[in-house]
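The values are calculated or read from the model by the stated rules, or taken from the named source; none is laboratory data. Because the structure is predicted, anything quoted here is derived from the model rather than measured. Here the Cβ positions follow ideal geometry from the backbone for every residue, glycine too, while neighbour counts run over all protein chains shown. Just the protein is used for accessible areas: all its heavy atoms, side chains included, with ligands, DNA and RNA removed. Shrake-Rupley method; radii C 1.70, N 1.55, O 1.52, S 1.80 Å.
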Amino acid sequence: MSRWPLPEPMRLALEQAQAGESAGEVPIGAVVIKDGEVIARAHNAPRGRHDPTAHAEVLAIRAAAELLGNERLDGCELWVTLEPCAMCAGAIAHARIARLYYAASDPKGGAVEHGARVFEHEQSLHRPEVYSGMGEEEASGLLRAFFAARR
């Protein structure tokens, strides 16, 4: 458990990750917040949807854009349990997410502080504020247990 109480959006993202795990998906969850209110939540679903783009971040962004009736999610925050991959970081930039919070770093597939470092490129259309580490122990624990059970 974290040394500090988790912010509510990260707790909700972890609940989504657990829901994904229950569905046989890699346990990653995401929540979109606008003006302090949850407007979208999702978990990974590429297996269930037969869709390689059905990552938690992309699904939450799609749901938020639909709800707001706008492809630009100005002023929104995205809370996710794992460092976004290059595809998801690209979607975050295109959606103009204001702030990105992620729990666990992903040295293998992450593209924010690792790998492609999408937001650091001058070609990046938008650079959100990025915060990491809140809920890292919980998110990492879910992922470790998920993969250990499959080995």
Longest principal axis of the chain (C-alpha) makes with the long axis of helix 8-22 (C-alpha) an angle, in degrees to the nearest 10, of 50
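Quick one: ranking 22, 124, 132 by accessible area, 1.4 Å probe, largest first, what do you get?
Details: 22 105, 124 15, 132 70 Å².
From most exposed to least exposed: 22, 132, 124.
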Once phi for every residue in the stretch 58-67 is put through the Karplus expression 6.51 cos²θ - 1.76 cosθ + 1.60 (θ = phi - 60°), the whole-Hz ³J(HN,Hα) values, with Gly and Pro written as x, are 5, 5, 5, 4, 4, 5, 5, 5, 4, 4
Share of accessible surface on carbon and sulfur in the stretch 1-83, whole %, 1.4 Å probe and ligands ignored, is 50
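From the alpha carbon gyration tensor of the chain, can you work out the equivalent ellipsoid semi-axes (sqrt of 5 times each eigenvalue) and give them in Å, largest to smallest? Write down the numbers at each step before the final one.
Numbers: eigenvalues 94, 55, 52 Å².
After diagonalising the Cα gyration tensor, the semi-axes are 22, 17, 16 Å.
Check each of the GluC sites (Glu not before Pro) in the stretch 44-151 and keep only those in coil by DSSP with at most 13 other C-beta atoms within 10 angstrom; list them in order. Please list the in-between numbers first.
Numbers: sites: 57, 66, 71, 77, 113, 120, 122, 129, 136, 137, 138; in loops: 71, 113, 122.
Passing both the DSSP loop test and the Cβ count: 71, 122.
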In Å², rounded to a whole number, the accessible area per residue of the stretch 1-102 with probe 1.4 Å is 46
Cα extents of the stretch 86-129 per principal axis, largest first, Å, are 24, 20, 15
Filtering trypsin sites (Lys or Arg not before Pro) in the stretch 1-40 by DSSP loop and by at most 14 other Cβ atoms within 10 Å leaves 3
Percent relative contact order for the stretch 2-151, counting Cα pairs under 8 Å at least six residues apart, stands at 21
Any residue on another chain or 5+ positions along whose placed amide H is under 5 Å from the amide H of residue 130 is listed here as 100
Computed ³J(HN,Hα) along the stretch 27-39: with the Karplus parameters 6.51/-1.76/1.60, θ = phi - 60°, integer Hz and x for glycine or proline, the list is x, 10, x, 9, 9, 10, 10, 10, 6, x, 10, 6, 10
Long-range alpha-carbon pairs in the stretch 1-57, meaning those over 17 Å apart, account in percent for 39
